[in-house]
Structures are given as C-alpha cells and as structure tokens.
Amino acid sequence: MNAHDAANPMPLLHAARTGAWRGALRGLLLAGLTLAAMVPAEAQAPAGARPDPSKVLRVSAVQSWSAPYAFYRDGTLVAGINHDIVQTLAEQLGMSVQTLVLPRTRVDAAVLAGDVDLRCHLSRDWVRNPEAYHWGPPMFELATVLTGHESAVPITGLDQLHRGQTIGTVLGFVYPALEDRFNDGRLRRDDTFAVDRNLQKLKLIRSPYIVSDTREIDWHLRNNPGHLFANWRLPLSRTEFRCAVPRNGRVDAQLLLAALERLQASGRIEQIIKNYSPPQPVLVMAAQSPVKLLSQQQVAALFLGEALELPGGGRPALGSQGGELKHEFYKWVLEKDAAQVKAIWSRMTFSGRGRAPREFAQPAALRAWLLSTPNALAFMDSSGLDPTLKVVYMPPVGLP
Amino acid sequence: MLLLPLLLLAAGATSARTEPAPEPGELADWLKLDGFGTLGAYRSNDAVASMRPDARNANASLRDWRFDGDSQLSAQLTLNPNGPLRLVWQVLAKDDIVLRFRPRTEWLYLAWEPTPPLSLRAGRLALPVFLLSETRNVAYAQTNVRPYSSLYHLNPISKVDGLGAIWRQAMGPGELSLDAVHGRAQVDLTTGRVKASAITALAAQWQQGRWTLRLGRSDYQLDAQLPGTLAQLQTLASGATACSNCAAVLKARAPSQVRAAINTLGLNYERGAWTLSGEWMQRRSDSILVADADAWYAQLSRRLGSFTPFVGIGQTRFVEAPLGFQTVAGAPPAAQAANAAFDRFLQSANGRRSWQAGLRWDCAENLALKFHIEWLRNTQEIRLGQIGSVSYPATPPIGNYRGPAWDGQLRVLSLNLDFVF
C-alpha cells in the first residue's frame, strides 16, 4: 500500500522535469512537508457562494500522498496525478471538486459517514471492506520495490536480509509482501509519517533499505541529484491504480463509473502520468534467471546486436516495451536514436544475423513473454515491475 | 517439403510453452515477416549519356524522370526466428534487365547455430564481398540512397547457391567476425549469361568501439556465355581490321573461362554524430572480359537530429594493360586507328569519378526520405561507348554514333523514400 505526503505548488509541476525549476521545487517541497503535517483534516470548500450540492464531487485525499501523485500547498491538494485525474473526471461531468484532505486513518470513517463520493489511488487489497465500493476500471500499474543506500549490500531476494534488518516504511502503510516478515521479527519497520521523509531517510542512512513506489522513487531521484540511492531494485508487489465509488455516496455510481471508463479509454490518463512521471526504463529478466546485474556496455552490446550471448552463456531473446520508453532507452543506454537503432537492426534482420527486439504494447504481454521465453530480457517502465521479474540493469534516473 | 517446417517447429518447441498472444506485426512466435522497400525517382541531366542507379536496371534516364531505378519491394519470412535452426526466405521485386519487376528469391537458406558464435548456412546466401553486401538493397539501413556504384557495380554477383559459415567471437576489447561462403551462381544478361562454377569468399571483420575494419577476398571461376561479345572478338581475331596479332592476343587475353579475384578493404568510424566510412577494392582476372580495376569511395556524414547530411567521393579506374593489337603492313591508316580503338575499348577504360552530396531525413521511425545529387565524370574514355550504370553511344569505328559528343560529365538527382516493416 502506498500513500503520499508532500506539498508543492501546481504551476511548477510541468516544469518539474527541467533543471531550472528543480531547486525551487525542492525548496517548496521541504517547506510543504512541514505544512503538510499541520493540515487540518477538514473539507476544503471553494471560496464564494455555496455550490449546488448535486454538482459537487466530494473526493478524499490522503495527507501522506506524495509526489508525483499529489502536491499540497497550504494543506490544499493543488496538483499531481491523483489531482488531475479527479479534476478531469469532474470536468467531463460538469461538476466541481471538493477535496477532503484526511489522515490515512480517517478516510474509512469519512466514507462510512457518507462524506465521500469518490476515492482514487486505491486497490481492493488496500481497504478493509472492498464491498463497500463500486470499483472503477484499472487505470495504470503501481509497483512497490525495495531498494537501498549505495553502501548497502545489494540483494536479489528478501532472504538475503539478515534477521531484524530495519526497513524504511511509512506509518500506517501495509506492505503485503513484507507483512509476514514484520510480524515474525525477521524484519523491522522504521516508520516515518510521509513518503518523502522515508526516501530522505536513505540519504541519512537511518535505514539502509527502504520500500516505496517506483514513481515516487523516480520523482525523488530526479529532484535530488545528490541522492545516495543504489542502482538496484527488488520488486515486491504490483497492483492496479483504481478509483472507487462508495456505495453510500450521493453521486450516481453508474454515472461516475461510466465517466471513469471513458476517461480510461480516452488515453488522457497516460498523458497525465507522463506530465508528472516520464517513463523510466529498467531492464528485466525472469526472477529465476541466473543473470546478475549487467553493465551499460553489456546492455548496449546485446541491444545493438554486437553480443550474441548472455554473460554466463545462453542465446538472448530481446524484447521491449514500445512508445516513448523505447526512445528513452535507446537514447540514454544505447546512445542512439530510434532511427539509428532501426537501421542497425534492419541490417541484422535482412542479413539473417538476428532479429530486432520483440516489441510489446502492453506491459502484461511483455511480462508473460519474459516468463515463458528462456533467456528473455526486455526493458520496461519501472511501474511494470513485479516479483516474478528481476532488474538486471537500470540507467541512472533523470538523465538530462 | 512438409518435413522441414515440422523439424523447425520441433527445434523451437522449447520456447513454445505458454506463449503470450502475438503482438500486432508478429505472425507467431515461430514465424516472422519483415520487409523493406523504396519508392525512388531520379533524373540525369545529359542528352547524350544516360544513367541508371543499378547496373541491372532495364532502363536509364536520359534527361527524364524515372521511377524504376531504385524502386523495390522485398519481404522476408523467417521460420523459427528465435531457434538455433531457422529458415530465411527473402523475395525481392526490383527492376532487372531480364526479370523486370518479377519477384525473385534473393536469399533462401537454412541456418543452424550449434553455439551462438557459430552459424552454418546452406542454400542461397549473400556473397560477402563488400561492407554492405548482405544489405545492399536495404536502402533504409544506409545513409546514402544506394551503395557506391564505383565499387558495387564491379561485382554483379550478389548471391550464391552453396554453403556458408559465420563465426563471431569477442576477443579482448573487440569482436572478430569471419564469414566464409562457397558456392556457385549465374548472372543473366540480355546478351547471354555468366556462370560462376565456383566462388569462394572470405571476409574478416574487426569491430572495436567506434571502429569497424573489414578485409575481404573472393575468388571466381567464371564461364562467360556471351555469344554476341564472343562473336565480335572472333571478328577481330579473323583479321577483319587487318590486325596481325589479334587472334593470338585474344586467345591469351580474352578466354571465356575466366579466373578472377576481388580484394576489399573497408572501414567505418563513428565519433559522436559523425560517421566516416570508406571501401577500397581491387579486381584482377586473367581475361579482359572481366577487366582489371581498382576502385574506392569515402563518405562523411553527420547526424543533426532527424537529419543526416552527407558528402562522398568515389572513383573507379580500369588498369587493364593494353592488348597491343598490331596492324599488317600496308593496311590503310583507318585500320590502324580501328585496331587502336578496339584495343582501348577492350581495356574497358570506363573509369570515372563521382562526387555526391545528400540529405537523409528520418521522417518517421520506419521511414527515411533522401535527397541526393551526384556528379559523375568519366576520367578515362568518353568516345568509345559504354553500357552500364553510365551509358553513352560509341562513335566509329566501335559504333555508328555521329551525334553531339558527350563531354564526359553527368549530373543525377534522386529522391527516394525508404521504408522497413
């Protein structure tokens, strides 16, 4: 389970990927963290005349949500993936949004009280009573990973952690892949009340290992160039981002669910995600593969057809996720553009010397191929990671 | 024939367990279809000499726009593309002097890779003579509109029916690749046929960082079944031009059973956005039917986003020694001039130099639009007539052309759209 605590002004968001704004963003972010702790758990009604209640969509927001999902300013949710999804949905329905910023522990009570019409950034596994909601369609994937300080011993499985190892976590969050180990003492939680603080903890080596969402980590690394994160990730779980309509809400559930379906089908969700969280390629293989971490030179040699064997032996089967992610990978890892790579693989293909990486539009299809094909390796967005996969290479996050 | 696909399927069975549904563009995990093509237009500017992009094109441009030069469409089917045993079948439709646009099998071979560094092949294979031999038709994979004619037109044999082996091995900081082929081939012409009863080619390529260096050697045993050409030589040998030694010279210098060899050296150097590439070749034979020649080219290109401007220069020079035809004493001066002209003509002294400039625009991931201009200048002969990538009529005594003389220069514009799928 994930949530986020952060604050940041919306106008800076679209500039968040540019270096010029990073300093300002970081400063405001830190200021916002302090403010976020003081946010009163009360409804944020728009100023002015009271709007028609039938045209108001009451949406819950969790204080501990963090960038890139949520940005708070003075306790108000002003931007982020979650914010934009809800705003876009409301615009489609001709409604205004009334956001209830609450501590994580008080959201369920607000739903029970009938104060909430819509919850987002939710999974069926994250609520005690999923039957209390009408569930919208899966919108995109969320991956939770374990990572560490650059001085921490890299691990490829949880069993490699010594008994009682401290893991950086967020207060009130449930981590299904780790709960058993927390409960029996094999691992120990080191809670902070916000995702950002958990990520910053790694820099201070308060916890040599932390657990977090991949987009949150990537956003943190892009905006903290001096970070001390290690260049490995251990996938722990994958879930689907959904919105859900409480059964006791006052807005027609079918109306909202149909609007969510339309929103999902329109491609607008992908655009919103891209605005805040550009694709972050990672090179993965099936978790049981004997291949360990690869160097950038080894990866480039494989994907440019210069190496015919995997380190340790075996004929590689290459794959890739399509779209912008592919271009990012070509640019930063292979140091080529798409046309150059296409020309290289055209030479390989039409001379019968090899076949270009097999391309997949959907992460699910790519994962299935990786698991069913011997020696398959492919690059995909870090949000598509799950425990059946292992990361064998990841380029530095946030390259210019 | 049914057995082969079944064997291939069995070979790939290990990877055919719980396959995900094929993505669009994938026929199946065991079958892959790829293709490439070109929509090309070109125009030469001269009224006497014509130009064709490929020496095997049926037609040439003589101050007119033509669309049949580089235009082509090819499809390649690969059976069991991920397995150690696979079948590759490539079909090409491109204007040809004999076949015109009828599709023909360019490659059809069975490849077996007992270990990843080694690939053994049997069937119709690419003849590894030049840097771009394996992909000389895949224009999308090249910066230029087409391989440099200064070299590539000197060897019209691009494929053989036979056996081949490719061995690639990382060695220290680089990789060595050896490509060997042995087989036979035939080249059909409108005037006959050249049969190669034995061709052996070996190419060694060293790749290290930004550098690629390639050395090649190929040997040919040819049978020139060219009735028209041989009849003309017979006419000379019979003394029709009052030649006193033509019979003996032609018997020694123009056997129809030819032994030839081609040596090549190629390099490619990439530094950032810049690429420098070049090739040199030397062709030697024991017959004037395959005249001795040296050729080279060099090309410099720079990537600027999706645009790649390039410039290049190439040269072909025929180095066949004079035949030394002698005229009988007392024959008219015209006979002596004719023998001298035929001597020069048979040296195939059609050397030329080419300057090129162009721009490649990668307008989409699978599309490249290319603008290209080439200046050609014959550096050896401009009167004796020539038929090939550059053609011009022969004046007497070789031919009957009496029109305006060619100044030896030619300019060609090309606009091509290359694609792969």
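I want to confirm something. Restricting to the stretch B:39-85 and keeping residues that are among the basic types (Lys, Arg) and either out of contact with any strand residue (DSSP E or B) (no Cβ under 8 Å at 6 or more places or on another chain) or in contact (Cβ under 8 Å) with a residue 24 or more places away in the chain (or both), which single residue is surrounded by the most Cβ atoms within 10 Å (Cβ to Cβ)? Break it down stepwise before answering.
Residues of the stretch B:39-85 that are among the basic types (Lys, Arg), as a first pass: B:43, B:52, B:56, B:63, B:66.
Still in the running and either out of contact with any strand residue (DSSP E or B) (no Cβ under 8 Å at 6 or more places or on another chain) or in contact (Cβ under 8 Å) with a residue 24 or more places away in the chain (or both): B:43, B:52, B:56, B:66.
Values: B:43: 17, B:52: 27, B:56: 20, B:66: 22.
The residue in question is B:52.
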Output for the stretch B:329-369, where each listed residue is in a strand (DSSP E or B), surrounded by fewer than 20 Cβ atoms within 10 Å (Cβ to Cβ) and touching a Phe, Trp or Tyr at 6+ places or on another chain (Cβ under 6 Å): B:355, B:359, B:361, B:367, B:369
Among the numbered criteria (1) assigned to a loop (DSSP other than H, G, I, E, B); (2) modelled with pLDDT under 90; (3) not acidic (Asp, Glu), which one does residue A:325 miss? (1)
Filter the stretch B:269-302 for residues that are β-branched (Val, Ile, Thr) and in contact with a strand residue (DSSP E or B) (Cβ under 9 Å, 6 or more places away or on another chain); the one that is surrounded by the most Cβ atoms within 10 Å (Cβ to Cβ) is B:290
Run down A:261, A:270 and say which single residue is under 23 Å from residue A:322 (Cβ atoms), among the acidic types (Asp, Glu), in the same structural domain as residue A:58 (by TED's automatic domain parsing) and assigned to a helix (DSSP H, G or I). A:270
Only listed residue being at pLDDT below 95 and within 24 Å of the chain's Cα centre (by Cα), chosen from B:228, B:266: B:228
Any idea which residue in the stretch A:355-386 is surrounded by the fewest Cβ atoms within 10 Å (Cβ to Cβ), counting only those that are aliphatic (A, V, I, L, M) and at pLDDT below 90? A:361
Being within 14 Å of chain B (Cβ to nearest Cβ) and of a type in the set (D, E, K, R) narrows it down to one of A:309, A:270, so name that one. A:309
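Check the stretch B:384-406 and report whether any residue there is in a loop (DSSP other than H, G, I, E, B), of a type in the set (Ser, Thr, Tyr) and over 30 Å from residue B:138 (Cβ atoms). Write out each step before concluding.
Of the residues in the stretch B:384-406, the ones in a loop (DSSP other than H, G, I, E, B) are B:384-385, B:387-389, B:393-406.
From what's left, of a type in the set (Ser, Thr, Tyr): B:389, B:395, B:401.
Now narrow it down to the ones that are over 30 Å from residue B:138 (Cβ atoms): B:395, B:401.
Checked against the condition, which is being in a loop (DSSP other than H, G, I, E, B), of a type in the set (Ser, Thr, Tyr) and over 30 Å from residue B:138 (Cβ atoms), the stretch B:384-406 yields at least one hit.
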Flagged in the stretch A:316-335 as more than 7 Å from every other protein chain (Cβ to nearest Cβ) and surrounded by 18 or more Cβ atoms within 10 Å (Cβ to Cβ), in numbering order, are A:316, A:318, A:319, A:320, A:321, A:325, A:326, A:328, A:329, A:330, A:333, A:334
Taking the stretch B:69-106, which residues are touching a Gly at 6+ places or on another chain (Cβ under 8 Å) and either under 30 Å from residue B:394 (Cα atoms) or of a type in the set (Ser, Thr, Tyr) (or both)? B:69, B:70, B:71, B:74, B:78, B:95
Could you tell me which of the residues B:356, B:347 is away from chain A (no Cβ under 14 Å), modelled with pLDDT under 95 and in contact with an Asp or Glu (Cβ under 6 Å, 6 or more places away or on another chain)? B:347
Breaking point among (1) of a type outside the set (Ser, Thr, Tyr); (2) under 20 Å from the mean Cα position of the chain (by Cα); (3) at pLDDT below 95; (4) farther than 28 Å from residue B:335 by Cα, for residue B:365: (2)
Check the stretch B:224-238 and report whether any residue there is within 14 Å of another protein chain (Cβ to nearest Cβ), in contact with a strand residue (DSSP E or B) (Cβ under 8 Å, 6 or more places away or on another chain), aliphatic (A, V, I, L, M) and part of a strand (DSSP E or B). no
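Could you tell me which residue of the stretch A:341-372 is farthest from the other protein chains (Cβ to nearest Cβ), considering only residues that are in a helix (DSSP H, G or I) and of a type in the set (Phe, Trp, Tyr)?
First pass over the stretch A:341-372, keeping only residues in a helix (DSSP H, G or I): A:341-350, A:363-372.
Applying the additional criterion that residues be of a type in the set (Phe, Trp, Tyr) yields A:345, A:350, A:369.
Working: A:345: 9, A:350: 5, A:369: 5 Å.
Among those that are in a helix (DSSP H, G or I) and of a type in the set (Phe, Trp, Tyr), it is A:345.
Looking at the stretch A:313-369 only, could you name the residues that are hydroxyl-bearing (Ser, Thr, Tyr) and over 28 Å from residue B:87 (Cα atoms)? Before the answer, list the steps.
So in the stretch A:313-369, the residues hydroxyl-bearing (Ser, Thr, Tyr) come out as A:320, A:330, A:346, A:349, A:351.
Answer for the stretch A:313-369, where residues must be hydroxyl-bearing (Ser, Thr, Tyr) and over 28 Å from residue B:87 (Cα atoms): just A:330.
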Report those helices (runs of 4 or more DSSP H) wholly inside the stretch A:163-235 carrying at least 2 residues which are touching a helix residue (DSSP H, G or I) at 6+ places or on another chain (Cβ under 8 Å) and within 24 Å of residue A:384 (Cα to Cα). A:195-203, A:214-223
Conditions (1) more than 10 Å from every other protein chain (Cβ to nearest Cβ); (2) without any contact (Cβ under 8 Å) to a residue 60 or more places away in the chain; number of the one not met by residue A:338: (1)
Pairs returned, first residue in the stretch A:277-290 that is at positive phi, second residue that is modelled with pLDDT under 90, beta-carbon separation under 7 angstrom, 6 or more apart or interchain, are none
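Residue under question is residue A:289, and the condition is that it be at pLDDT 90 or above, in a loop (DSSP other than H, G, I, E, B) and under 26 Å from the mean Cα position of the chain (by Cα); does it hold? First the steps, then the outcome.
On the way: at pLDDT 90 or above: yes; in a loop (DSSP other than H, G, I, E, B): yes; under 26 Å from the mean Cα position of the chain (by Cα): yes.
The answer is yes for residue A:289.
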Which of the residues that make up the stretch B:239-263 are under 29 Å from the mean Cα position of the chain (by Cα), of a type in the set (A, V, I, L, M) and part of a loop (DSSP other than H, G, I, E, B)? B:254
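The values are calculated or read from the model by the stated rules, or taken from the named source; none is laboratory data. This one's a predicted model, so the numbers in the text were calculated from it and none came from an experiment. Glycine gets a Cβ as well: all are built from the backbone with ideal geometry, and neighbour counts include every protein chain shown.
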